[in-house]
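Asker: Structure in structure tokens, see below.
What follows draws every value from the coordinates through simple rules; no lab data is involved. What you are looking at is a predicted structure, and each value in this text was computed from that prediction instead of being measured. Positions of Cβ are backbone-derived with ideal geometry, glycine not excepted, and every protein chain shown enters the neighbour counts.
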Amino acid sequence: MLRDPDLHVGAPRSRIDGVAKVTGEARYAAEHRAPDLAHGIVVSGAIARGRITSIDSSAALAVPGVIQVFTHENRRSTAWLDYNYQDEVAPPGSPFRPLYDAEIHFSGQPVALVVAEDYDAAAYAASLVRITYEAAEHATSLEAQAYKSYVPPKKRSGIKPPSPPRGDAPGAFTASPVMIEADYTHAVEHHNPMEPHASTVIWEGDGKLTVHDKTQGPQNSHSYVVAVFGLKADDVQVKNAYVGGAFGLGLRPHYQLFLAVMAALELKRSVRVVLTRDQMFTLSYRPHSLQTVKLGADRNGKLNAVIHAAVSGTSRFEDYQEDIVNWSGFLYQCDNAAFSYELAKLDTYTPSDMRAPGAATGMFAVEIAMDELAAETGTDPVELRLRNYADKDENQDKPFTSKELRACYAQAAERFGWSRRNPEPRATTEGRELVGWGMASGIWEAFMQKASARARLAADGTLEVATATSDIGTGTYTILAQIGADALGLRMEQVSVKIGDSSLPTSPIEGGSWTAASNGSAVMVACTAVREELFRKARGLDGSPLANVPPERVVFRGGRIAVADDPSRSVAISEVMRAAGLEVIEREETAQQDPATTKRYASYTHSAIFAEVKVDEDLGVVRVTRVVVAVAAGKIINPKTARSQILGGVVMGIGMALHEETMADHNLGRFMNHNLAEYHVPANADIHDIEVIFVEEHDDKISPIGVKGLGEIGIVGTAAAVANAIFHATGKRVRSLPITLDKLL
Amino acid sequence: MNNFSYTRAATVQEAVAALAAEPSAKFVAGGTNLIDLLKYNVERPTRLVDITRLPLRDIEEAPGGGLRIGALVPNSDLAYDERVEQRYPLLTSAILAGASPQLRNAASTGGNLLQRTRCYYFYDPGTPCNKREPGTGCPAITGQNRIHAILGTSEHCIATHPSDMCVALAALDARVQVTGPDGARSIPFAEFHRLPGDRPEIDTTLRHGEVITAIDLPAEDFSANHTYLKLRDRLSYAFALVSVAVALRIEDGVIRDARLALGGVAHKPWRDPDAESLLRGRAPIPEAFQAAAERVLRGAKGFEHNGFKIELARRAIVRALGQAARSTPQTQSDKRIK
Ligand SMILES: Cc1cc2nc3c(=O)[nH]c(=O)nc-3n(C[C@H](O)[C@H](O)[C@H](O)COP(=O)(O)OP(=O)(O)OC[C@H]3O[C@@H](n4cnc5c(N)ncnc54)[C@H](O)[C@@H]3O)c2cc1C
Ligand code: SF4
């Protein structure tokens, strides 16, 4: 089908915020200024558990320029109830309260905030704060604590608990002619967005605050600040116009926000607090987990039993939960299945959602296990997946809104050249290197959340769309402009997008890959309301060329409203506005998935990912030389920004497979490689060709605009595809990530 | 970062005097390591003596046929100097294996020698560390020691020296020219860095107030048979887990001279004269390489997380000797291992 060249949705468009970003005009949380700005530096604690016995701030206070040293001993009082600290996505438990009392809950816990006239004075003074502790015994090793695991008594809202068992999984497993059973584990990962967490709180006078916060949800930070400090909602505005990456770390408010607001209220002046890279490792992380997968199958690889069990770490004060174990039930048909998911308490900060939380973790195990089954039964890995293809959500017994995973396998395999694969491991060499090809499936739940947006058409024919979501680098500004432009037949430049502000129409937090579907739909609905009103006005004008034309017969194109089959009958938007005497047409609307759809259907984004590795076996060096990934994610609004999302996800997946690992010293209870020289993410040299294919997928149920979302799917399955390729190359099955060279020696 | 005074020295004498007068003053050159350490509150100098304006930026022919490299020559200028590329390609390769182009542009020759270990604990004042605060203990021995040493360790410290360039300089028998309050002296490279012993806080034999003025490369020619092989946790921009510098002189199918230095395995670039002499007079065959590797690693001792380095080093030595013997040195742009 030929594309209409005037339409923006579906066309590759460059980011509308790109110029502002590369010229530095775009200000991030730590870059906002105020005339009286004071600077806060966080003092991080040294022990993992225990109590502060003394704090001596005298040397710090004596540094010229130091205004105050805040500690639990002198901080202002804040809310009493856990409820007030629980943000939109808080898991069950008792959220961490910065500077609350002498108790230490995790290594690196903030124990003081030094505020000074300038950054350097604050930083120096922070190094002079003397703290003594009484240490208590701590536990940070999941391996050591797993024996105390428990089923979380309270479920985290929005997270699927393990599905109830189907059939008789243990019985079917033991009765199966082919049994695969193995343990899988991956390292703790920290999100490490480029932009560190920061909050600049502008004191506007009279107790009013404008907060520039590093967050994925300005309204989430807003309600947190209001509830914790007992402020009037109208006195606080939270902005996050630009966000330098987040990967989930910006979902919950972090302690720098609390500390900056506390200091601003106390000092009645503007305060900025920026975390150092080291301190970024004292925030949330992707939890380490211990997984066991058992697959029972017949000799052709048809599954009889799936058993997936996981134990994950959480903090002592909150039960962070993610969905690790359910994924096989959405992907593969199997009559007997059992899932379990338990937590173990650790003396760390609470983990949090990191790109494809649960799925990246669970799917790496399931998809390696499937590869093991393929090898064991001599089945081609793609064929094995087709043999077990689920035509409905097996766990919930619901049909899918759409599922083009078959096309993903076919198109990616074709591009990759999979049919030429020699199934034998270790069979292909190139010079000294062993060559391996591996594949995996990817899946992520497609969500649409309730969201509101405002559309405002001005007399000159320009449009502003607004909703309180965030663009964390994904391209949200751009796709909202595309949707708005098409709704009213405008050029992209005629549309401005306002997001990243708590005072805008209500939006869910930016996360879960739901922003395009949710906020995109809200913008579409609001623009449609404006369009209807505009059309009514146009038709009502004296001598209107559109008189008596029904709405279905008009198109909005090039700033004009025209009769579709008779373009000579048209009128310019600006003319309608002028003739009708209108300054603006403004509508605020809310979009939401039909509850009946949510109840009846299940919806997932899918992918098939194929990887080629070359391994110097002698030295354990792995190069991922080629990746082809095909994604079915409903409608693709912008193939250019969409591709970038998948590329980023795949790179992060390669990092998960080969590099990323936060190492804890369990004697000290502390993460140790807390900087980007020693916490390795892939470097340019580690990344070669990545080809992204978007498979056509029509979905009229998931969201009014047919979008499923793309932020997470790129990482899911990638680690397994790499690990499977390494197996194919070397014959070595590595089940613990990252696959560093020592594991291949 | 603490408050400090700042002096910019115009001459070597001025620099030496400024440091000698103040026990906790430090020189700063490229600043790529020192400024980080200041930010981490690991180094807390009372004064920084900026030596970047000293006239030590030239690479000159030395009287005996070697090269004299000024201490302030940036790492990238050194790597891409034509004479170095032709006569000391091992040095070029080792420099290009390290850090990133931006860092190499800023980093100086002298500073590279004096960069400090990347031990996680050393960089984190929230933890004990004998090197940072003598007497507080060495948590790495029982903690996260994946990147730590397997040779020449002590019960007080198991840190490694992180430099790539220094591994090549060790193999090339460079000399370090220094000037201090008591005048100038020349230190053989092997004696410049030291083992931790019971004074892990002291990295080198340089005395307070001494400034490195130049590095001398002797006239020997190893340009035909050499390699720098670096193994790390990603394909670039990571410190070595194990690296191997090899320089051979092969005549009529016999190894006449052999240099073998290891990085990432000890508190200093590691050379083993016994292993080198095992290679001399032998044909460049895998058995000879294997024997040399065994010899280098005979006293190696691993800890909980770095035991793999022993086997990795063994294989890396054999591979590197092979690369050098075949005249197929590892390139640093193509990450494929030869
Ligand atoms: C992220 C990162 C990655 C890196 N990766 C690598 C790598 O892979 N391989 C590698 O080899 N290196 C690597 N480096 C280290 C880099 O090579 C060193 O930081 C650099 O060589 C130091 O040189 P400089 O001139 O900046 O020294 P400075 O930081 O200025 O000084 C370092 C020390 O040397 C002293 N000093 C400097 N010049 C003199 C002199 N002439 N006489 C006496 N004392 C002097 C200073 O007082 C100070 O104590 C990396 C660094 C970073 C930050
Ligand atoms: S190895 Fe050395 S540098 Fe590292 S903690 Fe021990 S003493 Fe400190």
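Asker: So for B:TYR228, A:TYR242, fewest C-beta neighbours within 10 Å to most, what's the order?
Answerer: In order of increasing Cβ crowding within 10 Å: A:TYR242, B:TYR228.
Asker: Given a Förster distance of 25 Å, report the FRET efficiency between B:LYS335 and B:GLU311 from their Cβ-Cβ distance, rounded to the nearest 0.05.
Answerer: 0.70
Asker: Now, a different point. What is the log10 of I(q)/I(0) for the range A:449-592, computed with the Debye formula using one identical point scatterer on each Cα and no solvent, at q = 0.15 Å⁻¹?
Answerer: Here the Debye-derived log intensity ratios amount to -0.69.
Asker: Determine the distance separating the Cα centre of the range A:224-279 from the Cα centre of the range A:449-499; give it in Å without decimals.
Answerer: The two parts, judged by their Cα centres, are 26 Å apart.
Asker: Given the options B:GLU82, B:GLU276, B:GLU294, state which has the largest fluctuation in a GNM of chain B using a 10 Å cut-off (strictly under) for Cα springs.
Answerer: Of B:GLU82, B:GLU276, B:GLU294, the Gaussian network model singles out B:GLU82 as fluctuating most.
Asker: Quick check: pseudo-label points 7 Å beyond the Cα along Cα→Cβ at B:SER100 and A:SER419, how many nm apart are they?
Answerer: 4.4 nm
Asker: For the range B:5-154, what's the relative contact order in percent, using C-alpha pairs closer than 8 Å and at least 6 residues apart?
Answerer: With pairs under 8 Å counted, the relative contact order is 20 percent.
Asker: Label points 7 Å out from Cα along the Cβ direction at A:THR597 and A:ALA136: separation in nm?
Answerer: Going by the 7 Å Cα→Cβ label model, 5.0 nm.
Asker: Output ³J(HN,Hα) for the range B:247-260: one whole-Hz value per residue in order, computed from phi by the Karplus curve 6.51 cos²θ - 1.76 cosθ + 1.60 with θ = phi - 60°, and x for Gly and Pro.
Answerer: 9, 10, 10, 10, 10, 6, x, 10, 6, 8, 9, 9, 10, 9
Asker: A follow-up question, please. Kindly provide the GluC sites (Glu not before Pro) of the range A:674-711 that DSSP labels as loop, not H, G, I, E or B, and whose Cβ sees at most 16 other Cβ atoms within 10 Å.
Answerer: A:GLU696
Asker: Run the helix sum for chain B: -39,500 (n - 2.57) per DSSP H stretch of 4+ residues, divided by residue count, reported at 222 nm to the nearest 500 deg cm²/dmol.
Answerer: -7000 deg cm²/dmol
Asker: If you average the sequence gap of Cα pairs under 8 Å that are 6 or more apart and divide by the length of chain A, what percent do you get for the contact order?
Answerer: The normalised contact order for chain A reaches 17 percent.
Asker: Give me A:SER402, A:SER544, A:SER221, A:SER419 ranked fewest to most by other Cβ atoms within 10 Å of their Cβ, as a rough exposure proxy.
Answerer: A:SER419, A:SER544, A:SER402, A:SER221
Asker: Rounded to the nearest 10 degrees, what's the angle between the helix B:308-325 long axis and the longest principal axis of chain B, both from Cα atoms, 0 to 90?
Answerer: 70 degrees
Asker: Here is a follow-up. What is the diffusion coefficient of the range A:222-340 in µm²/s, taking the Kirkwood radius over Cα pairs and the Stokes-Einstein relation at 4 °C with a viscosity of 1.567 mPa s?
Answerer: It diffuses with D of about 70 µm²/s by this estimate.
Asker: More than 56 Å apart: what percent of Cα pairs in the protein assembly as shown qualify?
Answerer: 20 percent
Asker: Return the FRET efficiency for the residue pair A:ASP36, A:ALA233: r is the Cβ-Cβ distance, R0 is 22 Å, and the value is rounded to the nearest 0.05.
Answerer: Efficiency for this residue pair is about 0.35.
Asker: Need one number for the range A:356-509: average projected area of the convex hull over its C-alpha atoms, nm².
Answerer: 14.3 nm²
Asker: Below 8 Å between Cα atoms, with a sequence gap of 6+, how large is the relative contact order for chain B in percent?
Answerer: RCO, chain B: 17 percent.
Asker: Here is a follow-up. Would you tally the net charge around A:ALA485, using a Cβ to Cβ cut-off of less than 10 Å, leaving A:ALA485 out, and scoring K and R as +1, D and E as -1?
Answerer: -1
Asker: Further question: Would you grab the residues whose amide H sits under 5 Å from the one on B:ASN225? Only those 5+ places off in sequence or on another chain, please, with H modelled 1.01 Å from N.
Answerer: HN-HN under 5 Å from B:ASN225: B:LEU248.
Asker: From the Cα gyration tensor of the range B:110-229, with a ≥ b ≥ c the square roots of its eigenvalues, which class applies: rounded if a/c is under 1.5, or else prolate if a/b is larger than b/c, or else oblate?
Answerer: oblate
Asker: Shape of the range B:128-195 from its Cα gyration tensor (a ≥ b ≥ c, root eigenvalues): rounded if a/c is under 1.5, otherwise prolate when a/b > b/c, or oblate?
Answerer: Here the range B:128-195 falls in the oblate category.
Asker: So which lysines pass the test for A:LYS537, namely a Cα distance under 29 Å, with those fewer than 8 places away in the same chain ruled out?
Answerer: Straight-distance partners of A:LYS537: A:LYS498.
Asker: Work through the residues other than A:ARG578 whose Cβ is under 12 Å from its Cβ and net out their charges, Lys, Arg +1 and Asp, Glu -1.
Answerer: Taking every other residue near A:ARG578 into account, the sum is -2.
Asker: Counting only complete DSSP H runs, which helices of chain A cover 15 Å or more along their long axis at the Cα atoms and score a mean Kyte-Doolittle of -0.5 or above?
Answerer: Within chain A the helices that satisfy the rule are A:218-229, A:255-267, A:359-377, A:405-416, A:476-488, A:515-540, A:639-658, A:718-730.
Asker: Mind giving me the FRET efficiency for B:ALA20 and B:GLU60? R0 is 22 Å, r the Cβ-Cβ distance, nearest 0.05 is fine.
Answerer: Calculated transfer efficiency: 0.20.
Asker: Starting from the range B:1-67, pick out the trypsin sites (Lys or Arg not before Pro) whose DSSP state is loop and whose Cβ has at most 16 other Cβ atoms within 10 Å.
Answerer: B:ARG53, B:ARG57
Asker: Rounded if a/c is under 1.5, else prolate if a/b beats b/c, else oblate: with a ≥ b ≥ c from the C-alpha gyration tensor eigenvalues square-rooted, which is chain B?
Answerer: oblate
Asker: A further question follows. Quick check: convex hull over the Cα atoms of the range A:655-745, volume per residue in Å³, rounded to an integer?
Answerer: 186 Å³
Asker: Working only with C-alpha atoms, what are the Rg and Dmax values of the range A:416-506, expressed in angstrom?
Answerer: Over the range A:416-506's Cα set, Rg and Dmax evaluate to 23.5, 69 Å.
Asker: For the range B:225-325, what size does the Cα cloud have along each of its three principal axes, sorted from largest down, in whole Å?
Answerer: If we take the Cα atoms of the range B:225-325, the spans are 43, 29, 22 Å.
Asker: Further, regarding this structure: Give A:LYS392/A:LYS599; B:LYS230/B:LYS309; B:LYS39/B:LYS268; A:LYS294/A:LYS345; A:LYS208/A:LYS232 a once-over and call out the pairs whose C-alpha atoms are over 18 Å from each other.
Answerer: In this structure, B:LYS39/B:LYS268; A:LYS294/A:LYS345 exceed 18 Å between Cα atoms.
Asker: Mind giving me the nanometre distance, one decimal, between the label points for A:GLU696 and A:SER77, set 7 Å out from Cα along Cα→Cβ?
Answerer: The answer from the label model is 6.7 nm.
Asker: Continuing with this model, one more query. Identify which of B:ALA324, B:ALA219, B:ALA261 has the largest mean-square fluctuation in a Gaussian network model of chain B, with springs joining Cα atoms closer than 10 Å.
Answerer: Between B:ALA324, B:ALA219, B:ALA261, it is B:ALA219 that shows the largest mean-square fluctuation.
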